[in-house]
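Participant: Pasting in a structure now, in C-alpha cells, and then I'll have a few things to ask.
The values are calculated or read from the model by the stated rules, or taken from the named source; none is laboratory data. All of these numbers come straight from a predicted model, not from anything done at the bench. Here the Cβ is made from the backbone with ideal geometry for all residues, glycine too, and neighbour counts use every protein chain on show. Calculation scope for accessible area: heavy atoms of the full protein, side chains included, ligands and nucleic acids excluded. Shrake-Rupley method; radii C 1.70, N 1.55, O 1.52, S 1.80 Å.
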Amino acid sequence: MKTLIAFWNILKKDINNYYLKPPNISWGIILPLSWALMQLIRSSGNIEIIELLPGLMAMSILFGTTSMLAVTITFERRGHSFDRLLLAPIGLGTLVFAKLSGAIMFGMVNAFVPVVFAAFLTDLGGINWPIIIITVFLIALTSALIGLFIAVSAKEVFEAQTFSNFFRFPMLFLCGLFIPIAELPGVVKPLSFALPLTYGTDILNGMITGSSIFSTVSNILIMIAFAAALFYLCLRNISKKWIL
Amino acid sequence: MTIVSVKNLEKLYGDFTAVDNISFDIERGEVFGFLGPNGAGKTSTINMMIGLSRPTGGSITIDGMDGIKDIKKVQGIIGVIPDENNLYGEMDGFENLCFCASLYGMAKEEREKRAVELLEQFDLTKAGERPFRAYSKGMKRKLTIAAGIIHDPKILFLDEPTTGIDVESARDIRGLILDLKKQGKTIFITTHYLEEAERICDLISFIVKGRIVKIGRVSELMENIEREHKVKLLLNENVNTIKGELENHFSDLKIEIPDGGSCLITSNERLPLFPVLQFLENRGITVYEAREVKPSLEEVFVRITGAQSKRGEVGYR
C-alpha cells in the first residue's frame, strides 16, 4: 500500500508539473498536424489520410515520450530533486516505473490526437481498436524506455535533447513510419529491424491500412522482448550511474 | 545505546580516496557533528550513509540494520536535509510537504495534517500557498528541513544546514535543530561553521583529506586547550611600548597585544592577576576590564589539523 501511495503521487506530480503544461499540450497537437499537412501538400492530394495515420500516431508517441522523459529526469537530476526520489524507501523498479508511467500516458494521449482529426476526414470503421491500444501502449513503453536510457547518459538538459534527436530523427525514416521498409536501401534494413518502433509501426500499418511485414502476435512479442531488455538495461545503468 | 555505527568506511573514485577508512559510533539522541574544510569528505560520507553512494569498503549499521544491503529499509527511518534546497519550484510549500510525505507511504489525511503542523512550527503558514521558487533562501531552507522530518524519522542527516543563508534564518534553523534534539532525534550534521557545531553538537569529529583526525565530546576536545588560562585586559592606552618590560617582569606568562587597547595574557597555571594590574597601574595605565577568554572550537581545530588545513576554509560565524 505504501509503495502504491508513493507510485501514484510521483505519477500525479509528473503529470501536473510537466505533462499538463500548455507547451507540451500544444506540442502534442501541432507536431502531428503540421507533419500531416506537409505530407498532404507534398503529395498534391494523391495520398489518403488513412495511409498517413499509422506513421503520424507512431511519430506522436515517439516524440512525446522520448523528449519528455529524458528532459524531465535530467531537469530533476540537475536540480537534485531527483535525489528525493532516490532517498525514498521505495524500490528502484517502482520509481522507474512511476516515472515511465507519466511518459507512457502522455505518449498514448498524443497518439490519439491524429486519430481524432482523422475521424472527421475519413472512415475509421473496421479497425481493431483493442489491438491498436495495446500497440500504442507498447510503442509508448519502448519509446519512454529509450527516453530513460538517454536520461541516464545525459547530465544536462541540452544533452538530453541532443541525444533524443540523435535517436528520434533517424527512427522517423528507418522504422517504416512514412517510407515503407521494403523501399529502404539494403544496408540500412538491419538497422530498421534493430529498432522497436519498426514492429509497432508494422502493427499499426497492418491494423489501419492492411499491409504489414510480420504477424501481429510476432510483432507484439518482439516489442515485449525489447521493453524487457530496455527496462533491465535502464535499471542497471541507473543503479550504476546514479547511485555512485 | 548505539544507533549508528560506521566501521572502516572507505570511498574511492578511481585513484582518489574521498573517504579513507573512517569509523565512529553515534548514540541514540545524540547530535554528531562532522566537521572539516571543503572537499574533506563530509558529503561523500553522508551520501554513503543515506544510500546515494555505495561504499568501496567498510560497513554501516543503522538502528540494527545493514546500512548498505538494507538501505531501502533504512531510508524509511532516516530523514535527509541536503545541502541544496531540492524541493519542486513550481509546487507550493504545502504541496511539496504532502508530496514528500507520500514518498514514505503516508495516507492523504495524515500527510495533510502533518504538513499543516510543520508549516505552523516552521512559521511558514502564510507562505504555504506560495510556489517554492518564490521563497527567500532562509524560507527555502526551513521548508527543506520540514520536508526532511515530515515522516517523523528517528535519525536526521543534515548537510551544511545553514550555509548560504542570512544570520537570522541561520539562528532560527539552529533553534529548530535544538528543538529536534530535545524531541530525542539522533542528528548527524556536517558543517564547516565551528561555532555552530560548538552550540549544537554533543560529539564532534574532524575530517581532513578523507581521514578522521580527531573525534570526541566538545568538552573533551577543549580540555587540552582549557588547561591554559587566558585573560584579556581592556586598557586606556597602547601597551606595545612596555611589552618587553612586561615579558621580562612576568617571564612565566605569555603576553600578546592583539590591538592598541587590549592585552592578552596566557598562563599554564592559575593567573596571578593582581601583580599584573599593579604593574600596569604603576606605569599610569588604567585597566577597565579583565575578561576570561574561553577557547573556541576553532582553536581546537587549528591545533588538531595543524598545517593540514588552510585558514579560511573553515568558517567562523
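Participant: Hey, can you tell me all the residues within region B:267-304 that are acidic (Asp, Glu) and surrounded by 11 or more Cβ atoms within 10 Å (Cβ to Cβ)? Give the derivation first.
Facilitator: Filtering region B:267-304 down to residues acidic (Asp, Glu) leaves B:269, B:281, B:289, B:292, B:298-299.
B:Glu281, B:Glu298, B:Glu299 - these are the residues of region B:267-304 that are acidic (Asp, Glu) and surrounded by 11 or more Cβ atoms within 10 Å (Cβ to Cβ).
Participant: Please specify each residue of region B:35-65 satisfying the condition of being open to solvent by less than 20 Å² (accessible area, probe 1.4 Å) and of a type in the set (Lys, Arg).
Facilitator: B:Lys42
Participant: Let me ask another. If B:Glu196 satisfies every condition in (1) in contact (Cβ under 8 Å) with a residue 60 or more places away in the chain; (2) open to solvent by 20 Å² or more (accessible area, probe 1.4 Å) but one, which is the exception?
Facilitator: Unmet for B:Glu196, out of (1) in contact (Cβ under 8 Å) with a residue 60 or more places away in the chain; (2) open to solvent by 20 Å² or more (accessible area, probe 1.4 Å): (2).
Participant: Let me ask something else. Would you mind telling me which numbered condition in (1) in a helix (DSSP H, G or I); (2) more than 14 Å from chain B (Cβ to nearest Cβ); (3) surrounded by fewer than 22 Cβ atoms within 10 Å (Cβ to Cβ) A:Leu4 fails?
Facilitator: Of the numbered conditions (1) in a helix (DSSP H, G or I); (2) more than 14 Å from chain B (Cβ to nearest Cβ); (3) surrounded by fewer than 22 Cβ atoms within 10 Å (Cβ to Cβ), the odd one out for A:Leu4 is (2).
Participant: I'd like to verify a number: residues in region A:25-58 that are of a type in the set (S, T, N, Q), surrounded by 12 or more Cβ atoms within 10 Å (Cβ to Cβ) and closer than 16 Å to A:Val113 by Cβ, how many? If you could, list the steps in order and put the result at the bottom.
Facilitator: Within region A:25-58, the first condition is being of a type in the set (S, T, N, Q), and the residues that meet it are A:26, A:34, A:39, A:43-44, A:46.
Retained after the next criterion (residues that are surrounded by 12 or more Cβ atoms within 10 Å (Cβ to Cβ)): A:39, A:43.
This time we only want the ones that are closer than 16 Å to A:Val113 by Cβ, so: A:39.
The total comes to 1.
Participant: Restricting to region B:48-70, give me the number of residues that are hydrophobic (A, V, I, L, M, F, W, C) and facing chain A (nearest Cβ under 9 Å).
Facilitator: Taking region B:48-70 and keeping what is hydrophobic (A, V, I, L, M, F, W, C), we get B:48-50, B:52, B:60, B:62, B:65, B:68.
Restricting the remaining residues to those that are facing chain A (nearest Cβ under 9 Å) gives B:50, B:52.
Result for region B:48-70: 2.
Participant: Still on this model: How many of the residues making up region A:166-176 are surrounded by 14 or more Cβ atoms within 10 Å (Cβ to Cβ) and assigned to a helix (DSSP H, G or I)? Can you show your working first?
Facilitator: Within region A:166-176, the first condition is being surrounded by 14 or more Cβ atoms within 10 Å (Cβ to Cβ), and the residues that meet it are A:167-168, A:170-172, A:174-176.
Narrowing further to those that are assigned to a helix (DSSP H, G or I): A:167-168, A:170-172, A:174.
The number of residues fulfilling the criteria is 6.
Participant: Within region A:177-204, work out how many residues are of a type outside the set (Ser, Thr, Tyr) and open to solvent by less than 30 Å² (accessible area, probe 1.4 Å). Can you show your working first?
Facilitator: Initially, region A:177-204 is screened for residues of a type outside the set (Ser, Thr, Tyr), giving A:177-191, A:193-197, A:200, A:202-204.
In the following step, the residues that additionally are open to solvent by less than 30 Å² (accessible area, probe 1.4 Å) were identified as A:177, A:181, A:184, A:196-197, A:200, A:202-204.
Qualifying residue count for the region: 9.
Here's the yes/no breakdown for (1) crowded, with 19+ Cβ neighbours inside 10 Å; (2) facing another protein chain (nearest Cβ under 10 Å); (3) within 26 Å of B:Met48 (Cβ to Cβ):
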| residue | (1), (2), (3) |
| --- | --- |
| B:Glu90 | no, yes, no |
| B:Cys100 | yes, yes, yes |
| B:Val116 | no, no, no |
| B:Gly128 | yes, no, no |
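Participant: Still on this model: Within region B:155-174, restricting attention to residues that are of a type outside the set (Ser, Thr, Tyr), open to solvent by less than 30 Å² (accessible area, probe 1.4 Å) and in a helix (DSSP H, G or I), which residue is nearest to B:Ala115 (Cα to Cα)?
Facilitator: The first filter runs over region B:155-174 and keeps only residues of a type outside the set (Ser, Thr, Tyr), leaving B:155-161, B:164-168, B:170-174.
Then keep just the ones that are open to solvent by less than 30 Å² (accessible area, probe 1.4 Å); that gives B:155-161, B:165, B:170, B:173-174.
After this cut, where a residue has to be in a helix (DSSP H, G or I) as well, the list is B:170, B:173-174.
Working: B:Ala170: 22, B:Ile173: 18, B:Arg174: 21 Å.
Within region B:155-174, the match that is nearest to B:Ala115 (Cα to Cα) is B:Ile173.
Participant: Could you identify the single residue in A:Pro185, A:Pro170 that is under 23 Å from A:Gly64 (Cα atoms) and at pLDDT below 90?
Facilitator: Working: A:Pro185 fails: under 23 Å from A:Gly64 (Cα atoms).
On inspection, the qualifying residue turns out to be A:Pro170.
Participant: So, one more: Could you grab the pairs with beta carbons closer than 6 Å, sequence gap of 6+ or different chains, first residue in region A:68-89 and within 7 Å of another protein chain (Cβ to nearest Cβ) and within 23 Å of B:Tyr104 (Cα to Cα), second one part of a helix (DSSP H, G or I) and of a type in the set (Lys, Arg)?
Facilitator: These pairs meet every condition: A:Pro89/B:Lys72.
Participant: Right, next: Just checking, how many residues over region A:108-127 are of a type in the set (Gly, Ala, Ser), more than 13 Å from the chain's Cα centre (by Cα) and surrounded by 16 or more Cβ atoms within 10 Å (Cβ to Cβ)?
Facilitator: Filtering region A:108-127 down to residues of a type in the set (Gly, Ala, Ser) leaves A:111, A:118-119, A:125-126.
Filter once more, keeping what is more than 13 Å from the chain's Cα centre (by Cα): A:118-119, A:125-126.
Those still in the list that are surrounded by 16 or more Cβ atoms within 10 Å (Cβ to Cβ) too: A:118.
Looking only at that region, the number is 1.
Participant: Has region A:198-215 got any residue that is in contact with a Cys (Cβ under 6 Å, 6 or more places away or on another chain) and at pLDDT 85 or above?
Facilitator: So the first thing to find is which residues in region A:198-215 are in contact with a Cys (Cβ under 6 Å, 6 or more places away or on another chain), and the list is A:198, A:201.
Among the residues that remain, those that are also at pLDDT 85 or above are: A:198, A:201.
Yes, there is a match, as at least one residue in region A:198-215 is in contact with a Cys (Cβ under 6 Å, 6 or more places away or on another chain) and at pLDDT 85 or above.
Participant: Among the residues of region B:74-88, count how many are open to solvent by 10 Å² or more (accessible area, probe 1.4 Å), touching a helix residue (DSSP H, G or I) at 6+ places or on another chain (Cβ under 6 Å) and within 8 Å of chain A (Cβ to nearest Cβ). Reasoning before the result, please.
Facilitator: Keep residues of region B:74-88 that are open to solvent by 10 Å² or more (accessible area, probe 1.4 Å), which gives B:76-77, B:80, B:82-85, B:87.
Right, trim to touching a helix residue (DSSP H, G or I) at 6+ places or on another chain (Cβ under 6 Å) and you get B:80, B:85, B:87.
Adding the requirement that they be within 8 Å of chain A (Cβ to nearest Cβ) leaves B:80, B:87.
Of the residues in region B:74-88, 2 are open to solvent by 10 Å² or more (accessible area, probe 1.4 Å), touching a helix residue (DSSP H, G or I) at 6+ places or on another chain (Cβ under 6 Å) and within 8 Å of chain A (Cβ to nearest Cβ).
Participant: Could you list all residues from region A:210-244 that are touching a residue at least 12 places away in the same chain (Cβ under 8 Å), surrounded by 15 or more Cβ atoms within 10 Å (Cβ to Cβ) and among the hydroxyl-bearing types (Ser, Thr, Tyr)?
Facilitator: Listed by number, the list holds a single entry, A:Thr216.
Participant: Here is a further query. Quick one: count up the residues across region A:90-107 that are among the aromatic types (Phe, Trp, Tyr) and either surrounded by fewer than 21 Cβ atoms within 10 Å (Cβ to Cβ) or within 14 Å of another protein chain (Cβ to nearest Cβ) (or both).
Facilitator: So in region A:90-107, the residues among the aromatic types (Phe, Trp, Tyr) come out as A:97, A:106.
Next, only the ones that are either surrounded by fewer than 21 Cβ atoms within 10 Å (Cβ to Cβ) or within 14 Å of another protein chain (Cβ to nearest Cβ) (or both) stay: A:97.
Total meeting the criteria: 1.
Participant: What number goes with the only condition from (1) in a loop (DSSP other than H, G, I, E, B); (2) open to solvent by 30 Å² or more (accessible area, probe 1.4 Å); (3) in contact (Cβ under 8 Å) with a residue 40 or more places away in the chain that B:Ile68 does not pass?
Facilitator: Of everything listed in (1) in a loop (DSSP other than H, G, I, E, B); (2) open to solvent by 30 Å² or more (accessible area, probe 1.4 Å); (3) in contact (Cβ under 8 Å) with a residue 40 or more places away in the chain, B:Ile68 misses just condition (3).
Participant: Can you name the residue in region B:2-34 that is open to solvent by 50 Å² or more (accessible area, probe 1.4 Å) and hydrophobic (A, V, I, L, M, F, W, C) and is also nearest to B:Ile78 (Cα to Cα) among such residues?
Facilitator: B:Leu12
Participant: Please go through (1) out of contact with any strand residue (DSSP E or B) (no Cβ under 8 Å at 6 or more places or on another chain); (2) at pLDDT 90 or above for B:Thr45 and return the number of the only condition it doesn't satisfy.
Facilitator: In the conditions (1) out of contact with any strand residue (DSSP E or B) (no Cβ under 8 Å at 6 or more places or on another chain); (2) at pLDDT 90 or above, B:Thr45 misses (1) alone.
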